[in-house]
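This report concerns only the one structure given below.
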Amino acid sequence: MNNDLLRLNNVTAQTDTSVNKYSVKSAQKKKTSRSEGNSALSLIIDEVYDGDSGLIYTERVKKPKIIDSIAFSFVYLVVIMAFMLFVEAKASLFTIYVLAIISAILVPVSLVYFFYRLDVRGRLKFSSIIYLVSVGFVVYVFIDFIFRRFVGETLSFYMYVITIRSAVELLSIVLISVFVIKNKTKCPRMTAILIACAVSSGFAVAEALSGNLSAMFVSVEVHQLGSSVGAILNMNSFIQRSATNLLNQIADTAFLQPLMFVMLITILVEILVNDEWSLRKRSVTIVFTFLFCAVTHALTNISTPFNALSILYNVVSIAFTLYLFGKMLNNAIKAEKYE
């Protein structure tokens, strides 16, 4: 009998079980999220080299692209360094003010852009980020006004005032960030860090602008008062001195202090929003971390005549803070479930 006729009469023989399903979509190689392998470095490697391993995965994961934010920060830094050389060679009052402004926003803009690229699930609106930055800016202006108006930095109480002010600054920004985070109905951990970064960046911008402006002051003798005051004068000799003072202080006022402040805030907020820890562990960790952050923030703002000790502490503190910041960042990336 013909084999084709037998096949038509047999119902089970009408289905070829050797191939169940084939389509471009089903044969496409898909990636799955392996939280234990996620880190900032792995995201960069995946973005640079996105190779196929030959395996068929079960879930597609949209990972963030962060190389453009790193490249932006690098190019911005190169531009500022070139502009610093230009100001040193040919200083004018306009170029000094431009350098003071663009250097003050280097670290805040770079960090906000970096965390914005990492936040692929929350995606805060640009208007929301500007609002949060403005809130941080206003907080600095308010705290600075209160301490200058009612406290004052006398020589005998200088260290006490700086220490109290540093603790108040940290506590204010952390509480505002947590308040904004808790009032969002759906807030992934990376979005919470972005919120804290935005608020602290606004504060850091205001602090850097104030520090750059203070660095530009030169001592001017006022004969009517019989004393000297700090001022910015549009005269060639004074302009050159203002430029020199700004260039000498710009590493601290526009880079070190904003970087340290934003990192300390994001570390504290990440601990507060970490739901994986028990309340007891979180409470103990936040107390010791806050004490470390407050002391670090205070000592980096205190001016002392012991330059060697100050430099040594700054190096040690920024190294330890960078370690905690990197650990916090990798933990947040591991906990994030990119879709």
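The values are calculated or read from the model by the stated rules, or taken from the named source; none is laboratory data. This structure is a prediction, so every number in the text was calculated from the model and none was measured. Every residue, glycine among them, receives a Cβ derived from its backbone with ideal geometry; neighbour counts consider all protein chains shown. Just so you know, the surface numbers come from the protein's heavy atoms only, side chains and all, with ligands and any DNA or RNA stripped out. Shrake-Rupley method; radii C 1.70, N 1.55, O 1.52, S 1.80 Å.
Elements of the type helices (runs of 4 or more DSSP H) sitting completely within segment 242-339 and holding at least 3 residues that are at pLDDT below 80 and either open to solvent by 60 Å² or more (accessible area, probe 1.4 Å) or closer than 30 Å to Thr95 by Cα (or both): these cover 279-301, 307-335. Taking every residue in segment 207-219 that is modelled with pLDDT under 85 and pairing it with any residue that is among the aliphatic types (A, V, I, L, M) and open to solvent by 20 Å² or more (accessible area, probe 1.4 Å), at least 6 positions away or on another chain, the pairs with Cβ-Cβ distances below 7 Å are Met216/Ile232; Phe217/Ala231; Phe217/Ile232; Val218/Ala231.
Summed over segment 111-132, residues that are more than 15 Å from Ile66 (Cβ to Cβ) and either surrounded by 19 or more Cβ atoms within 10 Å (Cβ to Cβ) or in contact with a helix residue (DSSP H, G or I) (Cβ under 7 Å, 6 or more places away or on another chain) (or both) total 4. Of the residues making up segment 97-132, those that are in contact (Cβ under 8 Å) with a residue 40 or more places away in the chain and either of a type in the set (A, V, I, L, M) or under 29 Å from Phe83 (Cβ atoms) (or both) number 23. Check whether at least one residue in segment 172-187 is open to solvent by 20 Å² or more (accessible area, probe 1.4 Å), among the basic types (Lys, Arg), assigned to a helix (DSSP H, G or I) and at pLDDT 85 or above, and report yes or no. Yes, the conditions are met somewhere in segment 172-187.
Each row is one residue, and each column tells you yes or no for (1) out of contact with any Phe, Trp or Tyr (no Cβ under 7 Å at 6 or more places or on another chain); (2) open to solvent by 50 Å² or more (accessible area, probe 1.4 Å); (3) in a helix (DSSP H, G or I).
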position	(1), (2), (3)
Ser69	no, no, yes
Phe72	no, yes, yes
Tyr76	yes, no, yes
Val79	yes, yes, yes
Val87	yes, no, yes
Ala91	yes, no, no
Tyr97	yes, yes, yes
Ser103	yes, no, yes
Val109	yes, yes, yes
